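The structure under discussion appears below in the form of structure tokens.
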């Protein structure tokens, strides 16, 4: 997405990872394009793997990691 990191202030209604993943693509074209294959992206919150129900709090660090193929 062209950045190492980005600080995003979430609206109050975004309470968990699933809500974040649904909300981000509505914010701009960068996110819409990046989320085309979101089902295969690993999500971690504060360095712990997280599913869609994982709760979010102020100052959490969320990492979206694309799959890496090797040979």
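The values are calculated or read from the model by the stated rules, or taken from the named source; none is laboratory data. Values in this document were obtained by computation on a predicted structure and should not be read as measured data. Cβ atoms come from the backbone with ideal geometry, glycine included; neighbour counts cover every protein chain shown.
For region 2-18, filtered to residues that are touching a residue at least 24 places away in the same chain (Cβ under 8 Å) and surrounded by 10 or more Cβ atoms within 10 Å (Cβ to Cβ), the residue that is nearest to the chain's Cα centre (by Cα) is 17. Determine whether residue 52 is modelled with pLDDT of 80 or more and in a loop (DSSP other than H, G, I, E, B). Judged against the criteria, residue 52 is a match.
Counting only residues that are touching a strand residue (DSSP E or B) at 6+ places or on another chain (Cβ under 7 Å), surrounded by fewer than 16 Cβ atoms within 10 Å (Cβ to Cβ) and in contact (Cβ under 8 Å) with a residue 12 or more places away in the chain, region 19-51 holds 3 of them. Any chance you could count how many residues in region 57-71 are within 23 Å of residue 12 (Cβ to Cβ) and under 11 Å from the mean Cα position of the chain (by Cα)? Residues in region 57-71 being within 23 Å of residue 12 (Cβ to Cβ) and under 11 Å from the mean Cα position of the chain (by Cα): 4 in total.
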